[in-house]
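The values are calculated or read from the model by the stated rules, or taken from the named source; none is laboratory data. In this text, all values refer to a predicted model and were calculated from it rather than measured experimentally. Ideal geometry is used to build each Cβ from the backbone, glycine not excepted, and the neighbour counts take in all protein chains shown. Areas reflect the complete protein model, heavy atoms only, side chains present, ligands, DNA and RNA absent. Shrake-Rupley method; radii C 1.70, N 1.55, O 1.52, S 1.80 Å.
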Amino acid sequence: MARRTKNRRIEPTFDAPAARRSGDDLKLGDSDRVVPSRQRRRPGKGKSAKGAKSARRTGTRRKSGAGGGFFGFLRTAVYWSLVLALWGGIAAAGITAYYGAKMPSATTWEIPDRPPNVKIVSADGDMIANRGMTGGEAVGLHEMSPHIPQAVIAIEDRRFYSHFGVDPIGLARAMAENVMAGRLTQGGSTLTQQLAKNLFLKPDRTIERKVQEVLLALWLEQKHSKDQILEMYLNRVYFGSGAYGVEAASRRYFNKPARDVTLSEAALLAGLLKAPSRLSPARDPQAAETRAQVVLTAMRDQGMIGDSEMTTAMSRPATRAAAYWTGSEHYFADRVMEELPALIGDVKSDIIVEATVDLRLQKQAEKTIRSLIDEKGGKLAVSQGALVSIDTTGAVRAMVGGYDYANSQFDRASEARRQPGSAFKPFVFMAALEQGKRPDSVRNDAPVKIGNWTPENYKGKYYGRVTLSEALARSLNSVAAQLAMEVGPKSVVELAHRMGIESDLKANASIALGTSEVTPLELTAAYLPFATGGYRPEVYFVQRITTSSGKVLYQHDRPRMTRVASPEIIGMMNAMMQGTVEYGSARAANIGRPAAGKTGTTQQSRDAWFVGYTADLVTGVWFGNDASKATKATGSSLPVPAWKAFMEEAEKGRPVKRLPGSWSPGAPAPGIAAGEPQTRPVPQASVGGGTQAPQGHPTPPAAVPSGGDPDHTASVRRPVPPADVGGGVQRKQTSILDIILGN
């Protein structure tokens, strides 16, 4: 029994009564169970256990302190924030991958060429204008004022040199300020992102465009240095008023190159980037100045400038920029741009155009036109003027197309077609000379009837028998009409075209009084053979065109001259037209050296002209109004003083030269044998009413009648007939003032 007891296996028991437990027994408590058993609560025991557990929990709370709830919330918030951030990152990566896959391979990306710029300089190399999509040439950071990049970085991207193309801090700050403001007040794009958008993308506000902008910004940062990115940005960003890039903006708003921009001006330019059109000083100078002060404050806060510099810059008053480029040289620049396609074709890279304009003479021409309109325009009801000056090689040295280019870019010098009036008469008299007449040939200045047309002199004043020289100097309409019918209107038109007129001319009797419209440029050019001895040079505006690296794309050859008149005819015409300056309607044009020309005034003084020349320059001047509104001006009242003021400045320092050719009274006319009569009878027309001069000798020059303008074309009692003069069609009687006042 003892052995059996000794070898008996002892099984473990749970919850055995204490009396039955032995110190040697293997004991396992309830806490040793993997899953505690449900015990029947004994009286008094359950309450104690519950109390113990409650006490343990209370102790834990006390240990954790009063803030335990807050930290629990914080732990939960952090947890879910991380979860959301993780899923947000996954979503962002997916969107980026999706839209990125739609873009071309990064190996094919390259910076697009900047639109080419056309830099136009004067004959002396002075800057005239920039033309092209950008309105200015590209300049390096070292070629612009250091204030410009500083101001742009201060207001647009203060961490430009530290971020990697995208600025998370700047983006977060912008988002916070937008939330606080309750609206979109700031953007989070860096300069690199803005450049990427300008270079490659459309300005669409879509997720796709924003994703592509970020990817391109990262690529730009990898491929280019910070300075290169900043330089590209400053040369391409829009500054309003049609100016792209700092060079264009500097010249547009301050009329100076970017290298000369001051601190206050740089702040204004940087401020425009927020809203280029709305903040443009050409539109709202006060808003532009207010924004510039914000930029200056940002520069001070970032240590770029000191308080004194900021105060000085802020003291600059707001000034309005011109609504458009100002300066008459822009009329010339526009004409140069029209010439380029025929000279070099499409402009594919930056080029430099060396124009023929003399900037000193251009400024003098502008000053002359504007000062006379300011002084007399109100009294004479004149608001516009134009001036063209061409040297004897055909180079256009000055061209003013209106009173103010900023207000009107319409070029009245080369585009406006107006009636020349008596400024056309030299071609009538020259056609007569080519058919055997001479300056001392005599005609009877008296009322003359040609078909149904009866031209009259100004205020009905007639001089009887006069030489052709006197008739031209006094601008006698009766004699001009007689000559036109003697030689034939078609002959007059042919000669005018040969001399350089390009517009269509109507071959009728009224051609004698300049009723067909021409431009100031072509009328001035048609006077060139008088100054060159019978040669018509090709008129040109461009001397040379080169690339920015110096490669010559175009070079104007030696002047191309075409003989259009004999030296003898030119000599006679010069002798006749000198009389206009010596004792005729242009006496006030005397500049102390040989000069000649012709004035003109049209119907109701709508157009007032003087085209005059020396052996160096031919200059034409026109005054009037747009839409052919009537004025009170004549060729003598405004164009002649303007011509004199300009030519006195233009001829300074030049040697005095005689006009080409010569003529002596008594010499036979070209093509007429000596001894033949040099005058021909007046054509079949009703002539009468004039004072008859003694036969055999021309009437000597007399004083211009007082109270009248000898240059002004007088009235006509009957309408101007059509080309078939004398036709049977009867027209309502009217005055030539209703048709033309030619000079």
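For the reader, a short list of remarks on this structure follows.
- Per the Kirkwood formula applied to alpha carbons, the range 203-308 shows a radius of gyration over Rh ratio, Rg over Rh, of 1.02.
- Three-way shape label, the range 401-508, alpha-carbon gyration tensor, a/c 1.5: prolate
- Using a cut-off of 32 Å between Cα atoms, the listed pairs Lys274/Lys551; Lys461/Lys629; Lys376/Lys652; Lys461/Lys490 include Lys274/Lys551 as exceeding that distance.
- Sequentially through the range 112-121, phi angles give Karplus couplings (6.51, -1.76, 1.60; θ = phi - 60°) of x, 5, 5, x, x, 10, 10, 9, 10, 10 Hz, Gly and Pro residues having no value and appearing as x.
- Accessible surface, 1.4 Å probe, highest first, among residues Met144, Met337, Met133: Met133, Met337, Met144
- Under 10 Å, Cβ to Cβ, from Asp445 - net charge with Lys/Arg +1 and Asp/Glu -1: +3
- Once the Cβ-Cβ distance of Met127 and Thr76 is raised to the sixth power relative to R0 = 51 Å, the FRET efficiency obtained is 0.15.
- Interchain or long-range residues, amide H under 5 Å from Asn117's placed H: Asp350, Ile351
- Within the shell of other residues whose beta carbon sits under 15 angstrom from the beta carbon of Met430, the net charge comes to +4, with Lys and Arg scored +1 and Asp and Glu -1.
- Taking all protein chains together and a 1.4 Å probe, the residues Phe530, Phe200 rank Phe200, Phe530 from largest to smallest accessible area.
- Annotation: Ile501 carries an accessible surface of approximately 10 Å², with a 1.4 Å probe and no ligand, DNA or RNA atoms counted.
- Prolate/oblate/rounded label for the range 272-390 (Cα gyration tensor, a/c 1.5): oblate
- Prolate/oblate/rounded label for the range 372-461 (Cα gyration tensor, a/c 1.5): oblate
- The range 379-453 versus the range 217-259: alpha-carbon centroid distance in Å: 47
- Positive minus negative residues near Ala217 (Lys, Arg vs Asp, Glu; Cβ under 13 Å): +1
- Exposure ranking of Ser264, Ser383 by accessible area [1.4 Å probe, largest first]: Ser383, Ser264
- Whole-Hz ³J(HN,Hα) from phi, Karplus 6.51 cos²θ - 1.76 cosθ + 1.60, for the range 222-230, glycine and proline x: 6, 8, 10, 6, 4, 5, 5, 5, 5
- In terms of overall dimensions, the range 237-291 has a Cα radius of gyration and Dmax of 9.7, 25 angstrom.
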